[in-house]
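Everything below concerns the one structure shown next.
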Amino acid sequence: MPKRTDIKTILVIGSGPIVIGQAAEFDYAGTQACLALKEEGYKVILVNSNPATIMTDTSIADKVYMEPLTLEYVAKIIRYERPDAILPGIGGQTGLNIAMQLYKKGVLQECQVELLGTSSESIERAEDREKFKELCEELGEPVLESIIAHSIEEGLEAAHKIGYPVVLRPAFTLGGTGGGFADDDEELKEIIKHALKLSPVGQVLVEKSIKGYKEIEYEVIRDSNDTAITVCNMENLDPVGIHTGDSIVVAPSQTLTNKEYHLLRDSALKIIRALKIEGGCNVQFALDPHSFQYYLIEVNPRVSRSSALASKASGYPIARVSAKIAVGMRLDEIKLANTPASFEPALDYIVTKIARFPFDKFVLASNKLSTQMKATGEVMSVRKNI
Amino acid sequence: MKEFNKKIVLEDGEEYFGYGFGANVENICEIVFNTSMVGYQEIVSDPSYTYQMVVMTYPLIGNYGITDEDYETKQPTIGGIIVREYNNRPSNFRYTKTLSEYLEENNIPGIYGIDTRKLTRSIRDKGSRKVIITDINTGKEEALKKLKEYDIPKDVVSKVSCKKRWYSRTTNPKYNVVAVDCGIKLNIIRSLNARGCNVTIVPYNTDAQKITELKPDGIFLSNGPGDPEDVVEVINLVKELKGKYPIFGICLGHQIISLAYGAKTYKLKFGHRGGNHPVKNFETGKIEITSQNHSYAVDEKSLDKTDLKVTHKNILDDTVEGVECKKDKIFSVQYHPESAPGPQDSGYLFDKFINLMKGE
């Protein structure tokens, strides 16, 4: 399908202030997307609260609003500008959240603004843990089993059902204090007693432990014609349990055989097709280092931090292509240099990303890496070996 | 720095120095490159690489060793492997030996420390050529002389085809497939087995009479090395059997079917080898990412006067990737739907073959 001619003005939501976990990579993606839309002849209106970005340069978008990224302000802009469509999947989680709020509050319907790219139902399916779990079960894709327990007996029952080792997470405690790994009944009883006390609601989540699993990510992209490809896969040198943003990440994966690589690739493509995502998507897996057992950990139905890395690592401009897919173009119609965007990049080099931590500035912060991102910067290197 | 102990010399005089691994033997082959990032085990054991030496464009090879289950043939016939960096300390739960040990066991030479990017550029610019892998002390003149005197044999298919028929059975079989072995990859047989086919693998020179006696529901024509025009036996076989049984061909099998219908084949400058080739399926309009390994291609113009219709095309260079004759229940693809190595986007072609046998 060629690009759409029924829309003329498109609103792009930027990523807002730079905070830990959401930094310049979204500026990079947003800039690419704005330029791509302009290249196709659309009028681009940008809203971003952060003036210290490249995307807010006057040459990038046709009109720039430097306003707070809240429902109220963005709604005002929409009512004033009356764009035909809105492109939400570019500004990281902030942009996606605002678009979802606009949709839920009825602002989009009221102003007849179309949500470009992935539909709101798909976004909800990917982001809502319960719905996502349902979808995976439908597809026969493995997700981590987890059961809520309110007592020691329930905890034991859950652990037996899931199988040891399990991880115990008390509900609503800060940073997961009081939880831990249990290998047998004895350990479980010990930890769960404490955990139940700590949780203000007396709930403990019993989940299968995937400590030490390999963490593998795939960047996939799909168009409205259901053509889907992998841009790049990545392997985290730090296993599951440490935030991807803090991990040392290499692209492509280093320890996967052809079977494992394509097992996960197939799964990632199945997910993106089932979610009907139009544009880039990031799929994270945990793979047992001693078998073919894998679990889907997370799906980000948008341009993410990892896609910025994958994009730079592979030379494949994910945000640019995603923006063009959003206006109805097919992968094989989008040209990257002289090549159609429907090929998978084959690297003849290895990319390594290492995070930089601000522990010298935040002396009081814990320097223990965990599931919350702590890095404030990163270095990427491209070489012939690791 | 460690001193170089091996080198490769190309027939036009290009020379690259490196270190040996695998078997310490001299060998002359045609040089080709492969862009797959994973799957070196499937590549070194793929019979289609007979008399070919493969340059891996991905720079780190050996990372996950060699596993017991992922061979594509029982006896590998690849001529050699050229890599940038070889890793002799694999990390994977299934690995049982290193790549070097596997090559050594099978008398296959390998060389690492080569600027594979430069070498690949050279192959892209000047095309495939003859190459010798030899000891560092062999003089350049001597190496060039050896290259000049040696002709790469044409009897490739007879070399890799099975000598007598063998069976790959499955539980609860529904169909009986005869596979004509021109150098068949084991994953094709596994893919057919997985779909309820009992497969009888027969030598390439089996005649139509013998195949009919096996009472097949469908006939499969395998991939294989070399020039399709040299495989006269199988071309004649297709001419005799077409329209009588559903026939499915992959790679060399695709070229043979095209030749049997009167089309022509030609040699590509440097071939397609890798796991990232986008192919457009004209029936669905979708793009499949395919695994490819071929030097020859079917000439599109020459198909005009035949009963075959083009079903798939490579969107990078517009070469023919698939043909079909609905009336004769015959179809084939240039790429590898069985993957190994490569993406598994095209498994539906096996299902199509099953449906033809089912009579749909």
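The values are calculated or read from the model by the stated rules, or taken from the named source; none is laboratory data. A quick note: this is a predicted structure, and the numbers were derived from the prediction, not measured. For neighbour counting, all protein chains shown are included, and Cβ atoms are generated from backbone atoms with ideal geometry for every residue, glycine included.
Check whether at least one residue in the stretch B:222-230 is out of contact with any Asp or Glu (no Cβ under 7 Å at 6 or more places or on another chain), free of Cβ contacts under 8 Å to residues at least 40 places away in the same chain, away from chain A (no Cβ under 14 Å) and closer than 28 Å to B:Glu72 by Cβ, and report yes or no.
Taking the stretch B:222-230 and keeping what is out of contact with any Asp or Glu (no Cβ under 7 Å at 6 or more places or on another chain), we get B:223-230.
So of that shortlist, the ones also free of Cβ contacts under 8 Å to residues at least 40 places away in the same chain come out as B:229.
Narrowing further to those that are away from chain A (no Cβ under 14 Å): B:229.
From what is left, the residues that are closer than 28 Å to B:Glu72 by Cβ are B:229.
Yes, there is a match, as at least one residue in the stretch B:222-230 is out of contact with any Asp or Glu (no Cβ under 7 Å at 6 or more places or on another chain), free of Cβ contacts under 8 Å to residues at least 40 places away in the same chain, away from chain A (no Cβ under 14 Å) and closer than 28 Å to B:Glu72 by Cβ.
Report whether or not B:Gly275 is touching a residue at least 40 places away in the same chain (Cβ under 8 Å), away from chain A (no Cβ under 12 Å) and under 18 Å from the mean Cα position of the chain (by Cα).
Details: touching a residue at least 40 places away in the same chain (Cβ under 8 Å): yes; away from chain A (no Cβ under 12 Å): no; under 18 Å from the mean Cα position of the chain (by Cα): yes.
No, not satisfied.
Please work out which residue is surrounded by the fewest Cβ atoms within 10 Å (Cβ to Cβ), limiting yourself to the stretch B:255-293 and to residues that are touching a Cys at 6+ places or on another chain (Cβ under 9 Å) and among the polar types (S, T, N, Q).
Here the answer is B:Gln292.
Residue by residue through the stretch B:331-342, note down the ones that are within 11 Å of chain A (Cβ to nearest Cβ) and either surrounded by fewer than 24 Cβ atoms within 10 Å (Cβ to Cβ) or among the hydroxyl-bearing types (Ser, Thr, Tyr) (or both). Reasoning before the result, please.
From the stretch B:331-342, those within 11 Å of chain A (Cβ to nearest Cβ) are B:339-342; that's our starting set.
Scanning the stretch B:331-342 gives a single hit, B:Ser339.
Taking B:Lys352, is it of a type in the set (Lys, Arg) and in a strand (DSSP E or B)?
Details: of a type in the set (Lys, Arg): yes; in a strand (DSSP E or B): no.
So B:Lys352 fails the test.
Could you tell me how many of the residues in the stretch A:188-216 are free of Cβ contacts under 8 Å to residues at least 24 places away in the same chain and among the charged types (D, E, K, R)? Full working, then the answer.
Going through the stretch A:188-216, the residues free of Cβ contacts under 8 Å to residues at least 24 places away in the same chain turn out to be A:190-191, A:194, A:197.
Those still in the list that are among the charged types (D, E, K, R) too: A:190, A:197.
Of the residues in the stretch A:188-216, 2 are free of Cβ contacts under 8 Å to residues at least 24 places away in the same chain and among the charged types (D, E, K, R).
Restricting to the stretch B:294-313, what's the tally of residues that are assigned to a strand (DSSP E or B) and either more than 14 Å from chain A (Cβ to nearest Cβ) or modelled with pLDDT under 95 (or both)? Talk me through it step by step, then tell me what you get.
To start, the set of residues in the stretch B:294-313 that are assigned to a strand (DSSP E or B) comprises B:294-298, B:309-313.
From what's left, either more than 14 Å from chain A (Cβ to nearest Cβ) or modelled with pLDDT under 95 (or both): B:294-298, B:309-311.
Here the count works out to 8.
Identify, please: which residue in the stretch A:334-351 is farther than 15 Å from A:Pro317 by Cα and touching a residue at least 40 places away in the same chain (Cβ under 8 Å) and is, among those, farthest from the other protein chains (Cβ to nearest Cβ)? Please lay out each step first, then the result.
Our first condition is that a residue be farther than 15 Å from A:Pro317 by Cα; within the stretch A:334-351, this holds for A:348-351.
Among the residues that remain, those that are also touching a residue at least 40 places away in the same chain (Cβ under 8 Å) are: A:350-351.
Numbers: A:Ile350: 6, A:Val351: 12 Å.
Going through the qualifying residues, I end up with A:Val351.
Collect the residues in the stretch B:313-330 that are out of contact with any His (no Cβ under 9 Å at 6 or more places or on another chain) and buried (at least 24 other Cβ atoms within 10 Å of the Cβ), keeping them in residue-number order.
B:Ile330
Here are some residues: B:Thr200, B:Thr212. Which one is touching a Phe, Trp or Tyr at 6+ places or on another chain (Cβ under 8 Å) and either without any contact (Cβ under 8 Å) to a residue 24 or more places away in the chain or of a type in the set (Ser, Thr, Tyr) (or both)?
Selected residue: B:Thr200, the only one of B:Thr200, B:Thr212 that is touching a Phe, Trp or Tyr at 6+ places or on another chain (Cβ under 8 Å) and either without any contact (Cβ under 8 Å) to a residue 24 or more places away in the chain or of a type in the set (Ser, Thr, Tyr) (or both).
Restricting to the stretch B:294-312, what's the tally of residues that are surrounded by fewer than 16 Cβ atoms within 10 Å (Cβ to Cβ) and hydrophobic (A, V, I, L, M, F, W, C)?
Adding up the residues that qualify gives 1.
Quick one: which helices (runs of 4 or more DSSP H) sit completely within the stretch B:88-188 and have at least 2 residues that are within 14 Å of chain A (Cβ to nearest Cβ), touching a strand residue (DSSP E or B) at 6+ places or on another chain (Cβ under 8 Å) and hydrophobic (A, V, I, L, M, F, W, C)?
Helices (runs of 4 or more DSSP H) meeting the threshold: B:116-126.
Could you name every one of the strands (runs of 3 or more DSSP E) located completely within the stretch A:288-386 that has at least 2 residues being surrounded by fewer than 19 Cβ atoms within 10 Å (Cβ to Cβ) and more than 21 Å from the chain's Cα centre (by Cα)?
Details: elements: A:294-300, A:350-356, A:377-383.
Where strands (runs of 3 or more DSSP E) fall fully within the stretch A:288-386 and carry at least 2 residues being surrounded by fewer than 19 Cβ atoms within 10 Å (Cβ to Cβ) and more than 21 Å from the chain's Cα centre (by Cα), they are A:377-383.
Sort out for me the strands (runs of 3 or more DSSP E) sitting completely within the stretch A:24-120 that have 2 or more residues that are farther than 27 Å from A:Asn282 by Cβ and without any contact (Cβ under 8 Å) to a residue 60 or more places away in the chain. Steps first, please.
On the way: elements: A:43-47, A:63-65, A:85-87.
The qualifying strands (runs of 3 or more DSSP E) are A:63-65.
Which condition from (1) on the phi > 0 side of the Ramachandran plot; (2) touching a Leu at 6+ places or on another chain (Cβ under 6 Å) is the one that A:Ala159 breaks?
Result: A:Ala159 passes all but (1).
Just to verify a result, which residue in the stretch A:221-238, among those that are part of a loop (DSSP other than H, G, I, E, B) and among the hydroxyl-bearing types (Ser, Thr, Tyr), is farthest from the other protein chains (Cβ to nearest Cβ)?
Going through the stretch A:221-238, the residues part of a loop (DSSP other than H, G, I, E, B) turn out to be A:223-227, A:237-238.
Okay, now just the ones that are also among the hydroxyl-bearing types (Ser, Thr, Tyr), so A:224, A:227.
Values: A:Ser224: 11, A:Thr227: 4 Å.
Among residues in the stretch A:221-238 that are part of a loop (DSSP other than H, G, I, E, B) and among the hydroxyl-bearing types (Ser, Thr, Tyr), the one farthest from the other protein chains (Cβ to nearest Cβ) is A:Ser224.
Here is a yes/no grid of residues against (1) within 11 Å of another protein chain (Cβ to nearest Cβ); (2) in a loop (DSSP other than H, G, I, E, B):
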site: A:Val240; (1), (2): no, yes
site: A:Val250; (1), (2): yes, no
site: A:Thr255; (1), (2): yes, yes
site: A:Asp266; (1), (2): yes, no
site: A:Phe285; (1), (2): no, no
